[in-house]
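Asker: Below is the structure I would like to discuss, written out as structure tokens.
The values are calculated or read from the model by the stated rules, or taken from the named source; none is laboratory data. In this text the structure is predicted, and so the values were computed from the model without any measurement. When we count neighbours, we look across all protein chains shown, and the Cβ atoms used for this are built from the backbone with ideal geometry, even at glycine. Remember, those area values only see protein heavy atoms, side chains included, never the ligands or the DNA or RNA. Shrake-Rupley method; radii C 1.70, N 1.55, O 1.52, S 1.80 Å.
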Amino acid sequence: MATVETDDAAAGLRSQFLQVLRSRRPSEVPLSVIPGKPVKDPFFQESPKPTFSEAMASCPKEDIPNFKELLQEENFYLTTEEGGQGLLPVLVLSMKESEKKRRPTIVFLHSTNKCKEWLRPLLEGYASRGYIAVAIDSRYHGERATSITTYRDSLVSSWKNGDTMPFIFDTVWDLIKLADYLTEREDVDPSKIGITGESLGGMHAWFAAFVDTRYSVVVPIIGVQGFGWAIEHDKWQARVNSIKAVFEEARADLDKSAIDKEVVQKVWDRIASGLASQFDAPYTVPTIAPRPLLILNGGDDPRCPLGGLEIPESRTLRACKKTKCPQNFKLIAQPGIGHQMTPLMVKEASDWFDRFLKV
């Protein structure tokens, strides 16, 4: 497969990806805003419910004496398509400003089984430093979930029926619509919209930035991986085990005694067409360049093995050098860390956004 070396090639790949997204969409509807209320009891699809994240609590935060009084919170829904999952829950935190001005904005994306409220320590930290901080519930999570197995069930349904793309792609559609909304806000600088996320949220950030260039600074955390590389090098087990139910369903349907490479490839092809081929990291990550891109991973993360990042890294660096901005790309693999967001990663992400969005 040819590498993406030109603007035309990148645009063509984006066009192909949009065609895939639209292939499983219900009818589009006009983008509209529906008022909401703060979520009093955030919904997590795991038990026991998580209560504290050392990494998020470490987020740099300005010491503002009357911070709670100056912090303003917005809760609303965006209509992104027809149907129940077409209602996108949004949480926005920012500081009250006496002077009306456009500000840099960052979209934060949660990990599997979490929700937008889980990200509040990050949102408050960035809001205190002058950003508009935005979080959403990804598909089949948070306010878009009805039971503790909603997300798992959606993946199995996608394998069975082939009519939705709950793994990464459907939420990327929502993020395109979110960018439509943000660029129209009078307090948002449309040239300074960053995006970041953890794990599944890191994948959402990666693919949203690939397909939508309005996301101008990008920091996927423990999310970028080579899906095809993992299959080829027999390193797919940890990723598969994180959402095992759909692979077990496929194994049974394919009359296999155990999950193997063939099962994994068929599941990816079915629930996220092209994920392990033309839209995999070696082809989509370099298209983010020359926009500033920081990839943060654990050096020993079995779900995002570093071997799968060698080609994406070299191609992205080459793309940045061709546009004379090698400083716009960096990959940090924290030694001795598995699939875990750490305080170091939170600090590196914070510094990256300050460097490129506060200029």
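Asker: Looking at SER58, SER27, SER15, SER111 in this structure, which one is over 21 Å from the mean Cα position of the chain (by Cα) and small (Gly, Ala, Ser)?
Answerer: None of the other options fit; the residue is SER27.
Asker: Can you confirm whether VAL218 is touching a helix residue (DSSP H, G or I) at 6+ places or on another chain (Cβ under 7 Å), in a strand (DSSP E or B) and closer than 30 Å to TYR131 by Cβ? Can you show your working first?
Answerer: On the way: touching a helix residue (DSSP H, G or I) at 6+ places or on another chain (Cβ under 7 Å): yes; in a strand (DSSP E or B): yes; closer than 30 Å to TYR131 by Cβ: yes.
Spelling it out, VAL218 is indeed touching a helix residue (DSSP H, G or I) at 6+ places or on another chain (Cβ under 7 Å), in a strand (DSSP E or B) and closer than 30 Å to TYR131 by Cβ.
Asker: Related question: Going residue by residue through segment 117-128, is there one that turns out to be in contact (Cβ under 8 Å) with a residue 24 or more places away in the chain and more than 15 Å from CYS59 (Cα to Cα)?
Answerer: Yes: one or more hits.
Asker: Please return the ranges of strands (runs of 3 or more DSSP E) entirely within segment 1-113 where 3 or more residues are more than 23 Å from PHE167 (Cβ to Cβ), open to solvent by 40 Å² or more (accessible area, probe 1.4 Å) and out of contact with any Lys or Arg (no Cβ under 9 Å at 6 or more places or on another chain). Lay out the reasoning, then the answer.
Answerer: On the way: elements: 33-35, 71-79, 87-95, 103-109.
Of the strands (runs of 3 or more DSSP E) lying wholly inside segment 1-113, those with at least 3 residues that are more than 23 Å from PHE167 (Cβ to Cβ), open to solvent by 40 Å² or more (accessible area, probe 1.4 Å) and out of contact with any Lys or Arg (no Cβ under 9 Å at 6 or more places or on another chain) span 33-35.
Asker: Out of contact with any Leu (no Cβ under 6 Å at 6 or more places or on another chain), among the hydrophobic types (A, V, I, L, M, F, W, C), at pLDDT 95 or above and crowded, with 19+ Cβ neighbours inside 10 Å: does that describe LEU175?
Answerer: Details: out of contact with any Leu (no Cβ under 6 Å at 6 or more places or on another chain): yes; among the hydrophobic types (A, V, I, L, M, F, W, C): yes; at pLDDT 95 or above: yes; crowded, with 19+ Cβ neighbours inside 10 Å: yes.
So LEU175 fits the description; yes.
Asker: Shifting gears a bit: Which of the residues that make up segment 187-222 are open to solvent by 10 Å² or more (accessible area, probe 1.4 Å) and in contact with a His (Cβ under 6 Å, 6 or more places away or on another chain)?
Answerer: None - no residue of segment 187-222 is open to solvent by 10 Å² or more (accessible area, probe 1.4 Å) and in contact with a His (Cβ under 6 Å, 6 or more places away or on another chain), so the list stays empty.
Asker: Any idea how many residues of segment 154-175 are in contact (Cβ under 8 Å) with a residue 40 or more places away in the chain, closer than 20 Å to ASN241 by Cβ and part of a helix (DSSP H, G or I)?
Answerer: Total meeting the criteria: 4.
Asker: Could I ask something else about it? Within segment 274-296, which residues are within 11 Å of PHE210 (Cα to Cα), part of a loop (DSSP other than H, G, I, E, B) and touching a residue at least 60 places away in the same chain (Cβ under 8 Å)?
Answerer: Within segment 274-296, PHE279, ARG291 qualify.
Asker: Going by the structure shown, is GLY130 open to solvent by less than 40 Å² (accessible area, probe 1.4 Å) and either in contact with a Pro (Cβ under 6 Å, 6 or more places away or on another chain) or under 30 Å from ALA272 (Cα atoms) (or both)?
Answerer: Taking the combined requirement at face value, the residue does not satisfy it.
Asker: Pairs under 9 Å by beta carbon, first residue in a loop (DSSP other than H, G, I, E, B) in segment 178-192, partner open to solvent by less than 40 Å² (accessible area, probe 1.4 Å), six or more apart or different chains?
Answerer: That search, which allows pairs on different chains as well, returns THR183/ILE193; ARG185/THR105; ARG185/ILE132; ASP187/SER94; ASP187/ARG103; ASP187/THR105; ASP187/ILE132.
Asker: Answer with yes or no whether GLY125 is modelled with pLDDT of 95 or more, under 22 Å from VAL188 (Cβ atoms) and in a helix (DSSP H, G or I).
Answerer: yes
Asker: State which residue is surrounded by the fewest Cβ atoms within 10 Å (Cβ to Cβ) when the search covers only segment 323-354 and only residues that are among the basic types (Lys, Arg) and touching a residue at least 24 places away in the same chain (Cβ under 8 Å).
Answerer: Within segment 323-354, the match that is surrounded by the fewest Cβ atoms within 10 Å (Cβ to Cβ) is LYS347.
Asker: Any idea how many residues of segment 282-315 are in contact with a helix residue (DSSP H, G or I) (Cβ under 6 Å, 6 or more places away or on another chain) and aliphatic (A, V, I, L, M)?
Answerer: Qualifying residue count for the region: 6.
Conditions tested, residue by residue: (1) over 30 Å from ALA245 (Cα atoms); (2) modelled with pLDDT of 95 or more; (3) polar (S, T, N, Q).
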{"residue": "ILE288", "(1), (2), (3)": "yes, yes, no"}
{"residue": "PRO302", "(1), (2), (3)": "no, yes, no"}
{"residue": "THR323", "(1), (2), (3)": "yes, no, yes"}
{"residue": "PRO335", "(1), (2), (3)": "yes, yes, no"}
